[in-house]
1. Output the helices (runs of 4 or more DSSP H) that fall wholly within the range 60-172 and possess 1 or more residues being in the same structural domain as D241 (by the TED database), or say none.
2. For the structure I just gave you, tell me whether G91 is under 30 Å from A25 (Cβ atoms) and either of a type in the set (G, A, S) or at pLDDT below 95 (or both).
3. Restricting the range 341-372 to residues that are modelled with pLDDT under 90 and under 16 Å from the mean Cα position of the chain (by Cα), which is most open to solvent (accessible area, probe 1.4 Å)?
4. Residues of the range 300-327 being open to solvent by less than 30 Å² (accessible area, probe 1.4 Å), modelled with pLDDT under 90 and of a type in the set (A, V, I, L, M), which ones?
5. With G284, G312 as the choices, which residue is part of a helix (DSSP H, G or I) and touching a residue at least 60 places away in the same chain (Cβ under 8 Å)?
6. When you look at L265, is it within 22 Å of T341 (Cβ to Cβ), touching a Leu at 6+ places or on another chain (Cβ under 8 Å) and free of Cβ contacts under 8 Å to residues at least 60 places away in the same chain, yes or no?
7. Looking at this structure, is V375 in a helix (DSSP H, G or I) and open to solvent by less than 70 Å² (accessible area, probe 1.4 Å)?
8. Filter the range 64-96 down to the residues that are charged (D, E, K, R) and touching a His at 6+ places or on another chain (Cβ under 9 Å), then identify the one that is most open to solvent (accessible area, probe 1.4 Å).
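The values are calculated or read from the model by the stated rules, or taken from the named source; none is laboratory data. Model, not experiment: these values are computed from the prediction. Using ideal geometry, Cβ is built from the backbone for each residue, glycine included, and neighbour counts are taken over all protein chains shown. With ligands, DNA and RNA removed, areas are computed over all heavy atoms of the protein, side chains included. Shrake-Rupley method; radii C 1.70, N 1.55, O 1.52, S 1.80 Å.
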Amino acid sequence: MIEVIKCEIEKIIKTKSFLSFVIIALIVLVGIFQVGFNYSQLSLAEISNQKNGHIELYREVANKHAGEFNDKKVKEILSDFIERYQSEIDGEKRPFDLFSWDIAEVFFPKDEDVYIKMNDAMERGEKITIDEVNLLSVKDAGFSTFSDPLKIGSYTPWNDLYTVLGALFILMSLLAIVICSTVFSGEVSSNINQLLLSTKYGRSKMILSKIIVATGISIILFIVIHAITFMYFYFHYYALDGWNASIQTNFSLKLFNFPVEVNHLQVYFLILIFQLFGLLATVGVTLFISSITKSTFASLLVATSAFFLPLGLSSVFRTGIIHKLLCLFPINIYNPESMLTVMSAEKGFVFNTFAQNFVFVICLLLVVKILGDLVAYFKTKYSYN
């Protein structure tokens, strides 16, 4: 069996198309990092701040105010924000405090413009204080409450990471589709399938090894791409600053009323689990399609269409049972924000809790993978009998 698996691995990785797509994937990966990390709002703000003499301002402010999140903490953060804003009259030289800016967008009163108020005061040579601003309370802002208080910390880098992870899922899924679409249909199009099936292990170990190898290579690519992404994130930003901050206090995501008490690192692992099972389901479906098509091009076309079709249908069916069913497809909740929002919907997605919905979707994706593999196996095994 080991020798058969080695043979199948060589068939895939030694093809020109495999190497070509790996190179293309690396180029796309660099592009995703460039847009998601290097050209993110935080990175551009930090570059601008450095020119004005403020080195790692975001990290400085975030670490200073990290801790329990409550009305006192909000007042403390925005008091420093107002003071920092008014410390520089020249708007071009004024540091951009992204950490506090997003928080101010939520807690500053909606019936008055605090920035105009500060600018008017500075023109008169005066300054306003936090006591002159009618801040919204944490309760009125709609934040979830638990037995333990929420925690706040560095949150924007984690939001950038989640955004990048969403794009990576599309990339990894397309790579898996490209790899798996050739597994069975490639041999049919080359007219060697009947010859291979007539060998000693052609209708048993060889078919099984194809499924194992296709799945294994997809998982390895998943691990490698995510490992590279995590290392880039770790060194590009500030290591794991804010890992233990509550997801509810991520003011970029704005999931203030998320019903589960989880931090950024826990959400990161939830995303990895969901994406892994989503990828496995994609592999299973693609192997099934590859087993029933007669050419690699047809297999690739059908598999890619099947992957993206639910996304288009979701724009047609925006409500009702069909919409819920479409949300079971990974392409409709590949974005981490969408995944968290859909699975924690107040009216219930499938069940009424996030944990139940998450486990249900994971189990469903696993079932799709198993069924896809079984149908592909038996379809190929009993072909040309």
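1. none
2. Judged against the criteria, G91 is not a match.
3. For the range 341-372, the residue satisfying everything is T341.
4. Correct list: L326 only.
5. G284
6. Answer is yes for this residue.
7. It is true that V375 is in a helix (DSSP H, G or I) and open to solvent by less than 70 Å² (accessible area, probe 1.4 Å).
8. E76
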